[in-house]
Amino acid sequence: MQYAQIILPLNLKGSFTYKVPDELIPDIQLGMRVLVPFGGKKIYTGIVFDLHDNAPENFVAKEVISLLDDSPIMPPEQIDFWNWLSEYYLCGLGEIYRFAFPSSLKLESETYLKLKPNIQVDFENLDVNEMYLIQALEVRQLINLTDIEAFIAKKDIIKTINSLIDLQYIEIDEKIAEKYRAKEVAYVKINEEVLSNQNLTEILLKLNKAPKQKDLFLLILEMQTEKPDVPIKKAVLFEDGFFGSSHFKSLADKNLVEEYYMQKDRIESYEGEIEEIEELSEEQKSAKLEIDEAFEENKNVLLHGVTSSGKTHIYLEKIEECISNGKNVLFLLPEIALTKQITQRLEKKYGRHLGFYHQKLTDFERVEVWRRIKQNDIKILVGTKNALFLPYQNLGLIIVDEEHDSAYRPREITPHFNAKDSALILGGFYGAGVILGSATPSVESYFRARKDKMKYIFLNERFGNVKLPEYELINLKEAQDSKKVSGNFSLRLIEEIKKTIDEKNQAIILHNRRGYSNVLECESCGYVNYCSNCDVVMTYHKAANEMKCHYCGQRASRPRTCPKCHSENLNEKGVGVEQIHEEVSKLFPDKEVDRMDVDSMRKKFAYEKLYEKIEDRETDIVVGTQMISKGLDFDHIELVAIPKADSLLYVQDFRAEERAYQLITQVSGRAGRVSGNGKILIQTFNPDHSVFQLIKMNNIPKIYKYFLTERQKFHYPPFTKLIMIELKHRRVDKVNRASQFLGSILRKYLPEECVLGPEKSQIARINNFYQFQILLKLPRGKNYEKFKAMVLLSLNEFDEITAYQSIKKDVFVDF
DNA sequence: AGCACGCCGACT
DNA sequence: GTCGGCGTGCTC
């Protein structure tokens, strides 16, 4: 095996061929990290993806510089997984690598060099550059590649290093090269001499002049005698602000106490008690048995359980079973922030064998989890989509909770993959069972499960037989006609809210639009405030008193007069959540009304604070965007109101109705969790709309049947497979031409009815980039692979055109 | 993705 | 006369 295919952290297609130097041949293995030169001077950490003996024909392969791992950092299952991802989602391996690895595990030219110990350098036979480098190393011991540029020409650096490595004079210092350092934590203890001398009284007498120091000394002494085995964290002493570090320092100066350091995992592990789980209900028990059966047949499971049906209970049971069989569990969530409950329960049960992995961790924390996973120290990992890429050793179960959530398929992240579908594939590679769970499964998953591709399990009762909430539709048109409205609220709705809070219960009001008003419009000349970077109107945020663009984030102050005609008739159109909040506060002036949306939750701990406020029942009404549909499991919420439900439906997206259904159902699940008297009020101008009617009936099979019929009628997934290609460029004419061209190539290979567009994206310009899109509707089944090969062919043909290389191209498979 | 090379406008 | 803008081409 003389050649290796290496993946580099670059947005380039495929992998690169490198020669494996003879001395590395015995040690190199698939899934190891290696250091390789690339382009004139750069050095990258690559991944060994294949080993073979086929010498490249069109170029001379460079050599691998060194191995960074003793054993593969990536298990074979992950290699298969990456291959699948790149083929299925038409994305580069480099993109996957960039996304999957924490940056400290893929260092670039920051790598350090050092002299080998005890060497005799034969300066006679060195060239100038080599001499410079050796001399520099003699002075500085360690030197990184960027520093070398100061005295050796860029193009000669690699050559010089290689030659010195060949001569066995220098080596790559991996310990330093690894950016990651385990964090040291300060601990304190009473100086041992003090303890052995037994002259405590004397010491305390001396300390009488410094009462704070004396108290601190006594505190440490007490902690240490009570639990001699538990080390005392230094930080703990200063927690309540009673002692300061100066007090400790004085004690240390008197040699009474000392501090010492220990390596500590950055991620705090739970050290409290471990809780047992409650027994399952009959319905849950039978669901669990069905899961067992499905797994025996190597089938994955869609667990469709109405809100509060206790899906979590079943998860916990399966997790426990899996772990006691010596296997590990991956628990995926759409976003980690809103998952307090499940985390708490798992923490109580699995303590330090529980790990977390999500976008909010620092790079060091990520590496820590990588290590622990690799050492098989974590039995259950709770994480978001990027947790799919950890180097699991023996995964036995993957749970994808809230599987319908669109956070599993975020548009912003490259590579564009769907974490839910990928989890099913990853489970396959590991031979692990996968459970998709949701109260409102995606239409696609439902279809798949009903088609017997997955096992479908339905939990129809709330745990403890609590009744499901009751739905009521309020006809806003009628209310308006009979003058029974106040602003956006019908009198009926106001009455119900009043009743709820008068009974000391809490109400939730959902309005899924940020800001105060959607548009600021001039009544005199019709001027509308557009974002200067994007083709969207700017939203008025009253709380911050500014205009915001929700696409590029640009902010501007609110114009006082119309910039065009200077009239003062600027009117706010399109109701936002801030306005609803303001209205509710005015309707119930003596009640506590809080707002919950991304704008009000931006401050640190804002979410936690509001959470506690609701929990302590200080809040009477919470007004919020879709954020309130997640994680707010409180006992005293009895009412959910959706004053402008129609706005949920009027979105240009074939999934709009499905989303509306999911959002309404999810937020409804917050009501009457304990009492069973939950009530949902939906205000609409179209009470006869099928979606509202079906929600009111609460006939779940019928709802999904409706969705599926609609999808079939208009040839949308799951009956077809969609691929969306988006092209972006600063110049309209250029993207326009490019997308016309790509469209024509696609039409050459695909049937006419499969190619829609190109056309301007819904938002024609974001951040000064004009965007066009082409939508491909491909048949599913056997032919799909054939068609997709044609798409790939077209894309490659397009890439050949050099003039279009500056065009940004995004491909969304399963859009 | 980065980086070098190369060709045209505003500056000491 | 040069600095620096970004269009184009290439990387195992």
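The values are calculated or read from the model by the stated rules, or taken from the named source; none is laboratory data. These figures come from a predicted structure and were not determined experimentally. All Cβ positions, glycine included, derive from the backbone under ideal geometry; neighbour counts span all protein chains shown. Surface areas here come from the heavy atoms of the whole protein model, side chains and all, with no ligands, DNA or RNA. Shrake-Rupley method; radii C 1.70, N 1.55, O 1.52, S 1.80 Å.
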Additional length obtainable on full extension of the chain from A:THR561 to A:ASP590, 0.36 nm per residue less Cα span: 7.0 nm
message: Past 18 Å, Cα to Cα: identify those pairs from A:LYS318/A:LYS379; A:LYS385/A:LYS808; A:LYS189/A:LYS214; A:LYS385/A:LYS548; A:LYS542/A:LYS586, in the order given.
response: A:LYS385/A:LYS808; A:LYS385/A:LYS548
field: Charge context of A:SER245, other residues only, Cβ under 11 angstrom, K/R +1, D/E -1
entry: +1
field: Semi-axes of the equivalent ellipsoid for the stretch A:702-815, Cα gyration tensor, largest first, Å
entry: 27, 18, 10
message: Suppose the Debye formula is applied to equal point scatterers at every Cα of the stretch A:420-558; what is log10 I(q)/I(0) at q = 0.17, 0.20 Å⁻¹?
response: -1.02, -1.11
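When the helices in chain A are scored as -39500 (n - 2.57) per DSSP H run of 4 or longer and the sum is shared across all residues, what 222 nm value do you end up with, to the nearest 500 deg cm²/dmol? Before the final figure, lay out the partial values.
Working: 27 runs with 285 residues, N = 815.
That calculation yields -10500 deg cm²/dmol at 222 nm.
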- prompt: With the contact rule set at Cα under 8 Å and sequence spacing of 6 or more, what percent relative contact order holds for the stretch A:516-574?
  reply: 39 percent
For the stretch A:1-135, the fraction of alpha-carbon pairs in successive 10 Å shells from zero, as %: 11, 38, 32, 13, 4, 1
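Of the trypsin sites (Lys or Arg not before Pro) in the stretch A:535-616, which ones lie in a loop per DSSP and count no more than 14 other C-beta atoms within 10 Å? Walk me through the intermediate numbers first.
On the way: sites: A:LYS542, A:LYS548, A:ARG555, A:ARG560, A:LYS564, A:LYS573, A:LYS586, A:LYS591, A:ARG595, A:ARG602, A:LYS603, A:LYS604, A:LYS609, A:LYS613; in loops: A:LYS542, A:ARG560, A:LYS564, A:LYS591, A:ARG602, A:LYS603, A:LYS604.
Those satisfying the criteria are A:ARG560, A:LYS564, A:ARG602, A:LYS603, A:LYS604.
Roughly how big is chain A's charge dipole about its Cα centre, with Cβ charges of +1 (Lys, Arg) and -1 (Asp, Glu), in debye to the nearest 20? Don't jump to the answer; show the numbers that get you there.
Working: 112 positive and 122 negative charges, 552 e Å.
Computed charge dipole of chain A: roughly 2660 debye.
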- prompt: Leaving out ligands, DNA and RNA but keeping every protein chain, what accessible area does A:ASP240 have, in Å² rounded to the nearest 10, with a 1.4 Å probe?
  reply: 120 Å²
- request: Report relative contact order for the stretch A:192-255 in percent, whole number only (criteria: Cα-Cα under 8 Å, sequence separation at least 6).
  value: 29 percent
Three-way shape label, the stretch A:340-380, alpha-carbon gyration tensor, a/c 1.5: oblate
message: Per q in 0.13 Å⁻¹, report the Debye log10 I(q)/I(0) for the stretch A:192-255, using one uniform scatterer on each alpha carbon and no solvent.
response: -0.35
- request: Can you sort A:GLU222, A:GLU568, A:GLU546 by 1.4 Å-probe accessible area, starting with the largest?
  value: A:GLU568, A:GLU222, A:GLU546
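Quick one: with all protein chains in place, what share of the accessible area of chain A is carbon or sulfur, to the nearest percent (1.4 Å probe)? The partial results should precede the final answer.
Numbers: 18660 of 38790 Å².
Carbon with sulfur: 48 percent of the solvent-accessible area.
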task: Restricting things to alpha carbons, tell me how big chain A is in terms of Rg and Dmax, in Å.
output: 31.3, 102
task: Have a look at A:VAL735, A:ALA764, A:LEU776 and report the one farthest towards the positive end of the charge dipole of the stretch A:720-813, computed about the Cα centre with Cβ charges (Lys/Arg +1, Asp/Glu -1).
output: A:ALA764
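Using just the Cα positions, wrap the stretch A:614-667 in a convex hull and report its mean projected area in square nanometres, one decimal place.
Numbers: hull surface 16.0 nm².
Reported value for the Cα convex hull: 4.0 nm².
Which length gain, in nm to one decimal place, applies between A:GLN29 and A:ASP122 when the Cα-Cα distance is subtracted from 0.36 nm times their residue separation? Could the numbers behind the result be given before it?
Details: separation 93, 0.36 × 93 = 33.48 nm, distance 3.43 nm.
So the chain would gain 30.1 nm between A:GLN29 and A:ASP122.
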field: the stretch A:592-699 - Rg (one decimal) and Dmax (whole number), Cα, Å
entry: 14.6, 43
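Take the Cα pairs of the stretch A:282-459, get the Kirkwood Rh, then feed it into Stokes-Einstein at 10 °C and 1.306 mPa s and tell me D in µm²/s. Before the final figure, lay out the partial values.
Values: Rh = 16.2 Å.
In µm²/s, the coefficient rounds to 98.
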task: Identify all lysines with a Cα-Cα distance to A:LYS116 below 26 Å; exclude those on the same chain that are fewer than 8 residues away in sequence.
output: A:LYS19, A:LYS41, A:LYS42, A:LYS62, A:LYS106, A:LYS154, A:LYS155, A:LYS159, A:LYS175, A:LYS179
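Using the C-alpha atoms of the stretch A:395-439, what convex hull volume per residue, in cubic angstrom, is computed? Write out the running numbers ahead of the final one.
Numbers: hull volume 2.8 nm³, N = 45.
Taking the convex hull of the Cα positions in the stretch A:395-439, it is 62 Å³ per residue.
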- line: Computed Rg/Rh for the stretch A:516-574 (Cα atoms; Rh = Kirkwood radius) stands at 0.93
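Hand me the GluC sites (Glu not before Pro) from the stretch A:488-534 located in a DSSP loop with no more than 16 other Cβ atoms within 10 Å, in residue order please. Display every interim value, and only then the final one.
Values: sites: A:GLU495, A:GLU496, A:GLU503, A:GLU521, A:GLU523; in loops: A:GLU503, A:GLU523.
Filter output for the stretch A:488-534: A:GLU503, A:GLU523.
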- prompt: DSSP loop chymotrypsin sites (Phe, Trp or Tyr not before Pro) in the stretch A:539-635 with at most 14 other Cβ atoms within 10 Å of their Cβ, which ones?
  reply: A:PHE605
query: With the other protein chains left in place, how much accessible area per residue, in square angstrom, belongs to chain A at a 1.4 angstrom probe?
result: 48 Å²
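Is the stretch A:319-389 rounded, prolate or oblate when judged by the Cα gyration tensor, a ≥ b ≥ c being the square roots of its eigenvalues, rounded requiring a/c under 1.5 and prolate requiring a/b larger than b/c? Mind showing how you got there, number by number?
Working: a/c = 1.73, a/b = 1.16, b/c = 1.49.
It is oblate, given that a/c is not under 1.5 and a/b is not larger than b/c.
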- prompt: Among A:LEU113, A:PRO26, A:ASN208, whose Cα sits farthest toward the positive end of the charge dipole of chain A (+1 at Cβ of Lys/Arg, -1 at Cβ of Asp/Glu, about the Cα centre)?
  reply: A:LEU113
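What is the antiparallel percent of DSSP beta bridges lying wholly in chain A, to the nearest 5?
Values: 71 of 122 bridges.
The antiparallel proportion sits near 60 percent.
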- request: Once you have a ≥ b ≥ c as the square roots of the Cα gyration tensor eigenvalues for the stretch A:537-616, tell me rounded if a/c is under 1.5, and otherwise prolate or oblate according to whether a/b is larger than b/c.
  value: oblate
